[in-house]
Amino acid sequence: DAMVIQNPRYQVTQFGKPVTLSCSQTLNHNVMYWYQQKSSQAPKLLFHYYDKDFNNEADTPDNFQSRRPNTSFCFLDIRSPGLGDAAMYLCATSIYSAPEETQYFGPGTRLLVL
Amino acid sequence: RKEVEQDPGPFNVPEGATVAFNCTYSNSASQSFFWYRQDCRKEPKLLMSVYSSGNEDGRFTAQLNRASQYISLLIRDSKLSDSATYLCVVNGGFKTIFGAGTRLFVKA
């Protein structure tokens, strides 16, 4: 059974049209992460939630926002997608944010911006 | 300098070969280390954690050298199914850094 679920798996949007990607987890993990991965590049952490505490990476553009209404769900909002935002967006969870904690990834949402 | 650097790859090896991947990291305060595997167009999946004492899981052996800030992964008796991208991951508290990955192709 899938433990970290991402919807949709593929998303096509228009330049400048807001889009929301969703992630849910059945693991009851405290921490949820959003990564952006472009072709042949490393996943890049955008932000993470520890419970309700939001932690933004310093170089994450303001265009990217996130919401976590409850433990199970976390959303990535891209307010005005640009062509450069086309990528795979990966959601991950971990029990805690301790360094030794492994992260469990969802299957990702591939975003295409036209 | 990138925070986590890996062999550029790709590595093309025959079945049964032994292949080694290297990874270096720049932050000496890093606390935990992992190897993840990522298949094409799929999500990363944990392969193994890396400990200072070294650890082995079947055909896979991981080593950590904190003094040199160096991590390695050795795959013995390569299988076709080992073909994937191998990501080195370094975690220092709240910051998780992925390497760009090394692609491995195992051929019959």
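The table for this structure:
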item: Reference-scaled alpha-carbon Rg (2.2 N^0.38 Å with N residues) for the stretch A:66-114; result: 1.37
item: Shielding by other protein chains, B:32-39, mean Cβ within 10 Å; result: 2
item: Under 20 Å between alpha carbons - lysine pairs in chain B that sit 8 or more apart or on different chains; result: 5
item: Descending semi-axes in Å of the stretch A:12-114, equivalent ellipsoid built from Cα gyration tensor; result: 23, 14, 12
item: Kirkwood Rh and Cα Rg combined as Rg over Rh, evaluated for the stretch B:1-104; result: 0.95
item: Gyration tensor (alpha-carbon) shape descriptor, the stretch B:14-62, a/c threshold 1.5; result: oblate
item: Check: the protein assembly as shown dipole with +1 on Lys, Arg Cβ and -1 on Asp, Glu Cβ, in debye; result: 480
item: Peptides ranked, highest mean first, by Cβ atoms within 10 Å: ranges B:96-105, A:66-75; result: B:96-105, A:66-75
item: Cα gyration tensor shape for the protein assembly as shown, rounded if a/c is under 1.5, else prolate or oblate; result: prolate
item: Whole-Hz ³J(HN,Hα) from phi, Karplus 6.51 cos²θ - 1.76 cosθ + 1.60, for the stretch A:20-34, glycine and proline x; result: 10, 10, 10, 9, 9, 9, 10, 8, 6, 7, 6, 10, 10, 10, 10
item: Sequence ranges A:107-113, A:31-37, B:37-43, ranked by mean other-Cβ count within 10 angstrom, highest first; result: A:31-37, A:107-113, B:37-43
item: Whole-angstrom Cα spans of the stretch B:57-107 along principal axes, big to small; result: 37, 20, 17
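None of the figures in this text is laboratory data; all of them are computed from the coordinates on show. Being a predicted model, the structure only gives us computed values, none of them experimental. Heads up, the Cβs are rebuilt from the backbone with ideal geometry, glycines too, and the neighbour counts pull from every protein chain shown.
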